[in-house]
Amino acid sequence: MPESSPPSSRPASLCVFCGARFGTDPTTRETAVALGRMLADQAITLVYGGGGVGLMGLVANAALDRGGKVVGIIPRFLLEREAGHPALTETAVVDTMHERKLQMFERSDGFVVLPGGLGTLEELFEVLSWRTLGLHTKPIVIIDQGGYWKPLAALLQNVVEGGFAERTHLDHVAFVDSIEGVLPAIAAMPRSVGLAKRLDRV
Ligand code: AMP
């Protein structure tokens, strides 16, 4: 069970969720590199899944090349498949995916999402749903590179309009269209737990 720790508006560490592949839009790679550089320049520790593949590897390399701190959390069984990065500031090898996600959650002050696949979605939805349950108040920022996440924004709106989530739950997640928008969005994010999730009794 995660613990709620109130983050300051200036994060010391951010966890990045993103694809283990590059995707089809070549500009996404540039955005991944720009994110890694920005984190290093701002002295914000990058926490991520620890792999050397896809956008994950690009973000990590860009941060390291710029002298940033990078912490990777990788399950033992993925060390080979996701090419566990050999030169991170720190690598934690864990036993399970659940342990990986918990450590990524505990070791970061907020979450930034780049384009990615099912793993990225799973990681995002876990921290977003924990936020709606009041288990933490860490900000979640989604970088909508090239409109990749527009269908996700529409889906979340639909969930609210369909009566399955509070509109205020969407205050916990910001969509930005550039790296420059990430830190301002974090600074503007409400720190309160927000409305308790309403349940309908039968
Ligand atoms: P993907 O977005 O599918 O390219 O995956 C990005 C990262 O998420 C990779 O490091 C995967 O190991 C990880 N991942 C994949 N499936 C899951 C899952 N069910 N739970 C947590 N992480 C996952």
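The values are calculated or read from the model by the stated rules, or taken from the named source; none is laboratory data. If you're wondering where the values come from, they're calculated on a predicted model, not measured in any experiment. Note: ideal-geometry Cβ built from the backbone for every residue, glycine included; neighbour counts use all protein chains shown. Ligands, DNA and RNA are stripped out before the accessible areas are found, and what is left, the full protein with its side chains, is counted by its heavy atoms. Shrake-Rupley method; radii C 1.70, N 1.55, O 1.52, S 1.80 Å.
When you check Gly19 against the structure, is it touching a residue at least 40 places away in the same chain (Cβ under 8 Å), under 22 Å from Ser178 (Cβ atoms), open to solvent by 10 Å² or more (accessible area, probe 1.4 Å) and within 13 Å of the ligand (Cβ to nearest atom), yes or no? So Gly19 fails the test.
Scanning segment 163-202 for residues that are closer than 30 Å to Arg29 by Cβ, assigned to a helix (DSSP H, G or I) and open to solvent by less than 70 Å² (accessible area, probe 1.4 Å) yields Leu170, His172, Ile179, Gly181, Val182, Leu183, Ala185, Ile186, Ala187. Residues in segment 77-135 that are of a type in the set (Phe, Trp, Tyr) and farther than 20 Å from Ala174 by Cα: Phe77 alone.
Please indicate, with yes or no, whether at least one residue in segment 28-48 is within 11 Å of the ligand (Cβ to nearest atom) and either open to solvent by 10 Å² or more (accessible area, probe 1.4 Å) or assigned to a loop (DSSP other than H, G, I, E, B) (or both). No, because not a single residue in segment 28-48 is within 11 Å of the ligand (Cβ to nearest atom) and either open to solvent by 10 Å² or more (accessible area, probe 1.4 Å) or assigned to a loop (DSSP other than H, G, I, E, B) (or both).
Yes/no per residue for (1) under 13 Å from Cys18 (Cβ atoms); (2) buried (at least 19 other Cβ atoms within 10 Å of the Cβ):
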{"position": "Lys101", "(1), (2)": "no, yes"}
{"position": "Gly110", "(1), (2)": "no, yes"}
{"position": "Glu126", "(1), (2)": "no, no"}
{"position": "Trp130", "(1), (2)": "no, no"}
{"position": "Lys138", "(1), (2)": "no, yes"}
{"position": "Val141", "(1), (2)": "yes, yes"}
{"position": "Lys150", "(1), (2)": "no, no"}
{"position": "Ala153", "(1), (2)": "no, no"}
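Scanning segment 63-81 for residues that are within 18 Å of the chain's Cα centre (by Cα) and open to solvent by 10 Å² or more (accessible area, probe 1.4 Å), we see that the one that is nearest to the ligand (Cβ to nearest atom) is Val71.
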